[in-house]
Amino acid sequence: VAISADGTCIVWNPCAGMPTFQTINFGQTWTKSNGTPTQFHPVADLDNPNLMYGFADGIFYLSTDKGLNFKSVPTSIEGGSPLIRAVPGQSGKVLIAAQSGLYLIDCNTLEIKRFGNIASCEAVGTGIGLNGNRCPSIYIYGTTDGTDGKFVYRSDDMGNTWIAVNNSKTQFGGPGNGRFIIGDNNIFGRCYMSTAGRGIVYCDFKTK
């Protein structure tokens, strides 16, 4: 389920094999969305209430009318996670975690950028930026170039540099079936991650 930035619209996909629906009256009536696959994870833009997104099987889905109609945009992204993330404070920009790396889609131009320093990525999320900066922190579970094994990383400069949050002794099996990592929107350096059967773990990054 996704809720528009102004709180007036809900877009919902009940389960795999079901269509996606939209309501603008808090569930009194529902309208079937057009242009979505039957397994769909809707995501709302965090600033523009008209924008809704989705990603499935290498295709990016974009709606400019609060999820009533979606346009499909084919991409070359392989093994992408359906848990994509809208970038707060940057309307129209979306992060996608994939086996082939981390990607940023600019929906205003439909340009797709691959972060060159990320070799593979299973999950991506955002959190409050350094010193409350409008530029959010980005959290991933993945592999950076030149490193072995997958870890949690944080970037405070939109992916130019990355800091390892955990180590080989605090892996917790990775994000598991939940497949998510997300930063806190109020506490800088805190992130949460699903695990392989160990509940939800969180980390507070503390500088020395």
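The values are calculated or read from the model by the stated rules, or taken from the named source; none is laboratory data. The model shown is predicted, which means the values in this text are computed figures rather than measured ones. Positions of Cβ are generated from backbone atoms using ideal geometry, with glycine treated the same way; all protein chains shown enter the neighbour counts. Calculation scope for accessible area: heavy atoms of the full protein, side chains included, ligands and nucleic acids excluded. Shrake-Rupley method; radii C 1.70, N 1.55, O 1.52, S 1.80 Å.
Over the chain, give the accessible area per residue in Å² for a 1.4 Å probe, as an integer. All intermediate terms of the calculation are to be shown ahead of the outcome.
Values: 10230 Å² over 208 residues.
Roughly 49 Å² per residue, with all protein chains present.
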Exercise. How much FRET efficiency would the formula 1/(1 + (r/R0)^6) give for Thr8 and Asn108, where r is the Cβ-Cβ distance and R0 is 22 Å, rounded to 0.05?
Worked result: 0.45
Seminar exercise, completed: A correct Karplus calculation of ³J(HN,Hα) over segment 187-195, with 6.51 cos²θ - 1.76 cosθ + 1.60, θ = phi - 60°, whole Hz and x for Gly and Pro, returns 10, 5, x, 9, 9, 10, 9, 6, 9
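Work out the FRET efficiency for Ala16 and Gln99 from their Cβ-Cβ distance, taking R0 = 22 Å, and round it to the nearest 0.05. Mind showing how you got there, number by number?
On the way: r = 21 Å, r/R0 = 0.94.
It comes out at approximately 0.60.
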Exercise. Across the Cα atoms of the chain, what radius of gyration and what greatest pairwise Cα-Cα distance (Dmax) are found, in Å?
Worked result: 16.9, 54
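So, with +1 on the Cβ of K and R and -1 on the Cβ of D and E, and no other charges, what is the size of the charge dipole of the chain about its Cα centre, to the nearest 20 debye? The partial results should precede the final answer.
On the way: 16 positive and 15 negative charges, 80 e Å.
It works out to roughly 380 debye.
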For this session: Consider a paramagnetic label point 7 Å from the Cα of Ile163 along Cα→Cβ; state which residues of segment 115-140 have an amide N under 16 Å from it.
Result: 126-140
Problem set entry | Accessible area of segment 51-208 belonging to carbon and sulfur atoms, whole % at 1.4 Å probe | 49 percent
